[in-house]
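Asks: One structure, as structure tokens, below. Some questions next.
Nothing in this text is a laboratory measurement; each read-out follows from the coordinates by a stated rule. Since the model is a prediction, treat every value here as computed from it, not as a measurement. Here Cβ is always computed from backbone atoms with ideal geometry, including for glycine, and neighbour counts include all displayed protein chains.
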Amino acid sequence: MIRLTLLKRLHARIVCFVMVYFLSAGLGGAMAEVFTFAGEVEPAYLTGDGDSTLGLSFKGSATRSAGLSEIRLLTHGTLALDEDVNPNPIVAELKVMKIWDRYKPPTGGDDPFGNPDEKMEPGYDKPDIELGLDARFETDQERENYNWAIGLEAAYIAVSNLWPSVPLTPSAYVNFEWVETVESDTQEGLGVDDEEYMRLRASVSLKYKVGEHFKSTSWTPLALHGDLRYYHDFDVADELQDADLDSDLYWAGAISYELGDPNSVFKNSLIDSVFLRVSGGRIPPETRDDTTLFLGVVISTDKKPQKK
């Protein structure tokens with residue numbers, strides 16, 4: 001308990017420092033900027049543990065930028081007609097991030113006067129590095145288990161191929177946060193009062209562009225996706241540890257076909273892509289730990305890649 005108290009105090013001081021630094025480093029000017037909005041919905045068929053239902057996954061964002069700093073309002077989750085089949089929580093987030101954008105365009109080449117001595121210098125588009133504050137509310141669909149959380153986030157986000165010869169775009173996130181349990185039927189069922197604790201949250205996602213690998217334009221709209229997430233709660237009650245609710249591992253794999261891709265025969269479709277996703281494990285505060293199959297389509301308001 002003493003160790004947890006010290007962690008909370010240290011965490012609170014770091015969070016306050018990050019907030020003051022980022023707000024003073026340019027986000028004050030962002031208040032005069034206009035939010036940019038993006039979103040997508042995924043009508044889907046869900047099946048798992050012998051049951052099936054229809055559902056709707058969604059993502060929405062409002063972003064305000066100032067230089068290399070951003071304020072982001074985010075929401076994402078899944079709603080299902082049969083709540084018992086839905087493995088995904090509903091989340092609302094506020095992020096205050098500092099971004100190190102490591103993009104450099106090519107420079108040089110022939111100048112307007114045809115100077116032959118001008119040489120083209122290659123550019124690069126390395127993954128972005130982000131550091132900031134993440135405050136979130138997370139709940140299951142039934143609102144039987146829901147939490148508040150606030151903490152620090154570090155991110156590594158690739159928006160183009162990691163290597164020229166390998167069509168792979170990875171992203172990684174690490175969060176260290178304080179969590180307050182607002183309501184938990186699961187904890188009450190184990191005889192545990194609503195808890196406060198520190199949590200480590202880490203995730204890695206990958207996108208592999210099949211068409212680029214095979215050098216085939218007809219396969220360009222096809223992509224493979226992988227997602228791995230790990231959660232660990234520090235110094236929670238023994239009852240939660242005995243029930244294996246202090247650590248969780250979630251995984252997902254998907255195949256998608258982008259109908260809006262210029263090489264797709266459906267490039268004029270209102271639907272951006274179709275996908276088949278298989279997932280397993282648990283995403284807190286959800287209590288389900290089942291393998292679930294999603295079959296659905298993506299309808300988006302923004303064709304550009306979105307950061308998590």
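Asks: Suppose R0 equals 30 Å; then what is the FRET efficiency for TRP148 and THR36 from their Cβ-Cβ distance, rounded to the nearest 0.05?
Replies: 0.65
Asks: Got a sec to turn the phi values of segment 40-53 into Karplus ³J(HN,Hα) couplings, 6.51 cos²θ - 1.76 cosθ + 1.60 with θ = phi - 60°, whole Hz, x for Gly and Pro?
Replies: 8, 10, 10, x, 8, 9, 10, 9, x, 6, x, 10, 9, 6
Asks: Which of TYR156, TYR208 has the fewest other C-beta atoms within 10 Å, and how do the rest follow up to the most?
Replies: With the fewest neighbours first, TYR156, TYR208 line up as TYR156, TYR208.
Asks: With label points built 7 Å along Cα→Cβ from the Cα atoms of PHE214 and LEU73, find their separation and express it in nm.
Replies: In this crude label model, PHE214 to LEU73 measures out at 4.4 nm.
Asks: Pop a pseudo-label 7 angstrom from the Cα along the beta-carbon direction at both ASP289 and ASP49 and give the gap in nm to one decimal.
Replies: 1.2
Asks: Give me the one-decimal nm value for the distance between modelled label points at LYS126 and LEU168, 7 Å along each residue's Cα-to-Cβ direction.
Replies: Going from the LYS126 label point to the LEU168 one covers 1.9 nm.
Asks: Could you calculate the contour length gain from GLU196 to TYR230, that is, 0.36 nm times the residue separation minus the distance between their Cα atoms, to one decimal place in nm?
Replies: 10.3 nm
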